[in-house]
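> The structure is given below, and queries will be raised subsequently.
The values are calculated or read from the model by the stated rules, or taken from the named source; none is laboratory data. Keep in mind the model is a prediction, meaning the values are calculated, not measured. Note that we place each Cβ from the backbone using ideal geometry, even for glycine, and neighbour counts take in every protein chain shown. Accessible surface areas use protein heavy atoms only, side chains included; no ligands, DNA or RNA. Shrake-Rupley method; radii C 1.70, N 1.55, O 1.52, S 1.80 Å.
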Amino acid sequence: DNESVNFEENASLAGAAICADHDSTVTLSNNQNVTFRSNSARTDRGGAIYINGVLDITNNGCVEFVANSSRTENPQGYVGTMGGGAIYGFSHAGPASVINLSDNDAVYFTGNSAYSANGSAYGGAINSARCVTIRNNGFVQFEKNVEKSDSSYLLRSVYIVGNNVLSLSAPENQGIFFYDSIYADSTTTVNINENYGDLEQRGDIVFSGEYTEAHLNEILAADGVGRTATAEEIQNSRTSEVNTMTNLYGGRLRVEEGAIYQGFGITAMEGSASAVYVKNA
């Protein structure tokens, strides 16, 4: 119930702003503005938030994750899943856990990054081995979220693995806009616009490659890399890998402006008022 809640320029090994382990519950709700900016996990996971349990960010005004980073130099040759430039959801054997961003006026993930010297940092914005729900927000946008290694850059905002659900739902006349790609493994369920009572009042889930090249070149220039994005980096950054069936419950799945939605198929669920909209893809 605050006018503003700000976590800025914190640094730690994991979860630089909030590190919550052992089936924790973290709730941020009923605030006008919530901002996580320029927090950095120096050697491990979750630039802003590390959660082993339940993360509820609900019923706020504007929620922003900006320029948070997870970085490991991997000095001991560790090989494993790291990353989550903004949020890292840890897998554990306890009760079902979830990352839930719902019923906020707006949600922005902008310019977050995951870096590993050996290329094993995943999820520029969110890396989760638990369920992720993004539902019924006024407006949601992912852009300039990047996975970095010493040799390549990849715009990828969400990386989710395990026997979990990625649930993306937008209300009528609103949308969730991905200007970065996403990844879901073969054991993850992807549901679009589920759990709305009125089938007609469901919005758009949008994957767009319109700004991919420009965003990559902007990030490379800011990092002083001394080159522009390669054709492979541009193509990979436009390609969302969904290694499972996508269940479409209503609204529109839009793939636009060079984006690629690569998956096992799309199922329009029985009784749904749904559409797949493809433009310059």
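> Step by step: first the residues of region 12-50, then only those that are under 16 Å from the mean Cα position of the chain (by Cα) and of a type in the set (A, V, I, L, M, F, W, C), then the one that is farthest from SER91 (Cα to Cα). Which residue is that?
Only one residue tops the list, namely PHE36.
> Looking at THR267, THR246, can you tell me which residue is within 21 Å of GLN141 (Cβ to Cβ) and among the polar types (S, T, N, Q)? Working first, answer last.
Details: THR267 fails: within 21 Å of GLN141 (Cβ to Cβ).
Of THR267, THR246, the one residue that is within 21 Å of GLN141 (Cβ to Cβ) and among the polar types (S, T, N, Q) is THR246.
> Of all residues in region 21-49 being hydroxyl-bearing (Ser, Thr, Tyr) and modelled with pLDDT of 95 or more, which is most open to solvent (accessible area, probe 1.4 Å)? Outline the logic, then answer.
Pass one, region 21-49, residues hydroxyl-bearing (Ser, Thr, Tyr): 24-25, 27, 29, 35, 38, 40, 43.
Retained after the next criterion (residues that are modelled with pLDDT of 95 or more): 27, 29, 35, 38, 40.
Values: THR27: 84, SER29: 33, THR35: 15, SER38: 46, SER40: 32 Å².
This residue is THR27.
> Please tell me if ALA93 is modelled with pLDDT under 95, farther than 30 Å from TYR153 by Cα and in a loop (DSSP other than H, G, I, E, B).
Values: modelled with pLDDT under 95: yes; farther than 30 Å from TYR153 by Cα: yes; in a loop (DSSP other than H, G, I, E, B): yes.
In short, yes.
> Here's something else I'd like to know. Run down VAL225, VAL206, VAL190, VAL146 and say which single residue is among the hydrophobic types (A, V, I, L, M, F, W, C) and closer than 15 Å to GLY83 by Cα. Quick ask: steps written out before the conclusion?
Values: VAL225 fails: closer than 15 Å to GLY83 by Cα; VAL206 fails: closer than 15 Å to GLY83 by Cα; VAL190 fails: closer than 15 Å to GLY83 by Cα.
Answer to the selection: VAL146.
> From the list VAL34, VAL26, VAL54, which one is under 14 Å from ASN104 (Cα atoms), β-branched (Val, Ile, Thr) and out of contact with any His (no Cβ under 9 Å at 6 or more places or on another chain)? Write out each step before concluding.
Details: VAL26 fails: under 14 Å from ASN104 (Cα atoms); VAL54 fails: under 14 Å from ASN104 (Cα atoms).
That would be VAL34, the only listed residue that is under 14 Å from ASN104 (Cα atoms), β-branched (Val, Ile, Thr) and out of contact with any His (no Cβ under 9 Å at 6 or more places or on another chain).
> I've got another one for you. When you scan region 143-162, do you find a residue that is open to solvent by 20 Å² or more (accessible area, probe 1.4 Å), assigned to a loop (DSSP other than H, G, I, E, B) and among the basic types (Lys, Arg), even just one?
Scanning region 143-162, I find at least one residue that is open to solvent by 20 Å² or more (accessible area, probe 1.4 Å), assigned to a loop (DSSP other than H, G, I, E, B) and among the basic types (Lys, Arg), so the answer is yes.
> Does ASN2 qualify as being modelled with pLDDT of 95 or more, assigned to a loop (DSSP other than H, G, I, E, B) and open to solvent by 50 Å² or more (accessible area, probe 1.4 Å)? Let's see the steps before the verdict.
Working: modelled with pLDDT of 95 or more: yes; assigned to a loop (DSSP other than H, G, I, E, B): yes; open to solvent by 50 Å² or more (accessible area, probe 1.4 Å): yes.
Yes, satisfied.
> Based on this model, can you work out whether SER169 counts as of a type outside the set (D, E, K, R), touching a Phe, Trp or Tyr at 6+ places or on another chain (Cβ under 9 Å) and open to solvent by less than 10 Å² (accessible area, probe 1.4 Å)?
Working: of a type outside the set (D, E, K, R): yes; touching a Phe, Trp or Tyr at 6+ places or on another chain (Cβ under 9 Å): yes; open to solvent by less than 10 Å² (accessible area, probe 1.4 Å): yes.
Yes: the conditions hold for SER169.
> Hey, another quick one. In region 50-64, which residues are of a type in the set (A, V, I, L, M, F, W, C) and surrounded by fewer than 20 Cβ atoms within 10 Å (Cβ to Cβ)? Step through it out loud before you land on a result.
If we filter region 50-64 for residues that are of a type in the set (A, V, I, L, M, F, W, C), which is where we start, we get 51, 54-55, 57, 62-63.
CYS62, the sole residue that qualifies.
> For ALA222, state whether it is out of contact with any strand residue (DSSP E or B) (no Cβ under 8 Å at 6 or more places or on another chain) and of a type in the set (A, V, I, L, M, F, W, C). Reasoning before the result, please.
Values: out of contact with any strand residue (DSSP E or B) (no Cβ under 8 Å at 6 or more places or on another chain): yes; of a type in the set (A, V, I, L, M, F, W, C): yes.
So ALA222 passes the test.
> Quick one: which of ASN118, ASN100 is in a loop (DSSP other than H, G, I, E, B), surrounded by fewer than 24 Cβ atoms within 10 Å (Cβ to Cβ) and not small (Gly, Ala, Ser)?
Working: ASN100 fails: in a loop (DSSP other than H, G, I, E, B).
Exactly one of ASN118, ASN100 is in a loop (DSSP other than H, G, I, E, B), surrounded by fewer than 24 Cβ atoms within 10 Å (Cβ to Cβ) and not small (Gly, Ala, Ser), namely ASN118.
> Being open to solvent by less than 60 Å² (accessible area, probe 1.4 Å) and modelled with pLDDT of 85 or more is the filter here; which residues of region 264-281 pass it?
GLY265, THR267, ALA275
> On to the next question. Residues to consider are SER149, SER169, SER186; find the one that is over 11 Å from the mean Cα position of the chain (by Cα) and more than 24 Å from MET269 (Cβ to Cβ). If you could, list the steps in order and put the result at the bottom.
On the way: SER169 fails: more than 24 Å from MET269 (Cβ to Cβ); SER186 fails: more than 24 Å from MET269 (Cβ to Cβ).
Going through SER149, SER169, SER186 in turn, just one is over 11 Å from the mean Cα position of the chain (by Cα) and more than 24 Å from MET269 (Cβ to Cβ): SER149.
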